[in-house]
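Quick notes on the structure that follows.
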């Protein structure tokens, strides 16, 4: 297949940012001048901050902005928080703030960290036939796995973390000749990816060198290390968030407290047994969680992957939240793995990330886990409450109304008139366009 020469390039990463922009807009946009102006308009006026952003990733052209908001009035374990959220989706911040206010007078959010264990694995191939030999060899070198990584784990051990366990795992039932060194870690306030991966690579060096000293056949002494990598599935780095109150203290909007409680419980139960509903249900939870994760400079892709794997841990994808009603008490809770860090990465580099940690009071990793879980639970509570009372679209579309008006190019006066018009009406796209045309200057 012939490649268009002007649309391929060698050495792109070595070009200056201006040269990169020039090549991209000239080869891939219809209006190079307008595109260049757009890209540069998103640069930070403070050059040192822009340079910092440019160096976070490769081949940077400009910045991509997300709205940065806060949800106040979160009472978590008796402490008040104003929580930073970075997200573009309408109604997420409003829903979180609304739930925070709802539970503020009902005891707030109760949270606890269940555990903070993380996993790393050395995946390797060994073609020997006597598994007992490999097991005895591993037990023989196990002390060396600890001693050879002492320089890497020293600082982490000083903070109360480090390597918790190292095991040999036989995976030959799943794949021929496949074994693992499976290690657990506590990385304290660090997310710990680089730390874990460095330790695992040292394990692999010990494995390769020590097996050569064994009086075995050549095939038995051959170890093929496939990869050394942490796992983003951290089911034992888990947190619980809960809200509860007597049923009579609930506000069910258009429903009585009792009717609301049982309808809410049934809605959650549906998400526990129906995967099609569970995906959307959990997506709402992650709306809240991802917003905090992004604002605090953590890895939302890892958090998402882990959460959804955990939701399917029993063989069917299911709800991450649960609702119980016993002895007249309404209890709604979330258990979720959240591997978060408050040191390392961009937490001390990105100015807005530093600001987010500042307004949270510079929490440690365990406190941030609890804050984040509370927001996920709050988001889900607001969504299920809307679904079981007035319907999701009433609130969501009113929040989306501004987006529609901005798409239509409405001026401030036109926006005010249309928003006023929809105060007692249900918003739809077509209705918003009709109203805009009616009030258009």
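The values are calculated or read from the model by the stated rules, or taken from the named source; none is laboratory data. Computed from a prediction, not measured in an experiment: that's the story for all the values here. Here the Cβ is made from the backbone with ideal geometry for all residues, glycine too, and neighbour counts use every protein chain on show.
Identification of helices (runs of 4 or more DSSP H) wholly contained in region 56-158 with 3 or more residues that are under 20 Å from the mean Cα position of the chain (by Cα), closer than 30 Å to residue 332 by Cα and modelled with pLDDT of 95 or more yields 92-104.
Any chance region 174-192 includes a residue that's in contact with a helix residue (DSSP H, G or I) (Cβ under 8 Å, 6 or more places away or on another chain) and without any contact (Cβ under 8 Å) to a residue 60 or more places away in the chain? Yes: one or more hits. For region 170-192, filtering for residues that are surrounded by 14 or more Cβ atoms within 10 Å (Cβ to Cβ) and either at positive phi or part of a strand (DSSP E or B) (or both) leaves 12. One residue stands out among those in region 230-264 that are out of contact with any helix residue (DSSP H, G or I) (no Cβ under 6 Å at 6 or more places or on another chain) and closer than 30 Å to residue 165 by Cα: the one that is surrounded by the most Cβ atoms within 10 Å (Cβ to Cβ), which is 237.
Please determine whether any residue of region 421-433 is surrounded by 11 or more Cβ atoms within 10 Å (Cβ to Cβ), more than 36 Å from the chain's Cα centre (by Cα) and not in a loop (DSSP other than H, G, I, E, B). There is at least one residue in region 421-433 that is surrounded by 11 or more Cβ atoms within 10 Å (Cβ to Cβ), more than 36 Å from the chain's Cα centre (by Cα) and not in a loop (DSSP other than H, G, I, E, B). Search region 301-329 for residues being under 10 Å from residue 272 (Cβ atoms) and in contact with a strand residue (DSSP E or B) (Cβ under 8 Å, 6 or more places away or on another chain), and hand back the single one that is surrounded by the fewest Cβ atoms within 10 Å (Cβ to Cβ). The residue in question is 322.
Checked across region 305-317, the condition of being under 23 Å from residue 65 (Cα atoms) and touching a helix residue (DSSP H, G or I) at 6+ places or on another chain (Cβ under 6 Å) holds for no residue.
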